């Protein structure tokens, strides 16, 4: 799990670098590239929260503890909602569509990494 997360973060850093380079090179599309970068950052954070929750569930199962009710999905949904609210508040700086599209970057990266690792 940790190597999959590390590979995903590496892909996200590459995508963030590409967004920054394109943000610098193409000034007319700055809100779109900034929105995509912000969405990717939100996706990485949500991925980290999910990874931490899975590690806790694994630890609790190994120790024989009961599953503790928490705010796992609510925290991830609230993070994305906050990002969308920021895009709505500052449309001249962030594109809402690109924030939403960027937030789904990490699940697709994990899907592709899973296909690649299962093939070999």
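The values are calculated or read from the model by the stated rules, or taken from the named source; none is laboratory data. Predicted model only: the values in this text are computed from it and were never measured. Note that we place each Cβ from the backbone using ideal geometry, even for glycine, and neighbour counts take in every protein chain shown.
The table below lists the values:
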quantity	calculated
Residue ranges of helices (runs of 4 or more DSSP H) in the stretch 26-120 with at least 3 members at positive phi and at pLDDT 95 or above	none
Pairs where the first residue, in the stretch 1-22, is closer than 21 Å to residue 93 by Cα and the second is surrounded by fewer than 16 Cβ atoms within 10 Å (Cβ to Cβ), C-beta under 9 Å, 6+ apart	22/29
Flag for residue 90 being closer than 20 Å to residue 113 by Cα and free of Cβ contacts under 8 Å to residues at least 24 places away in the same chain	no
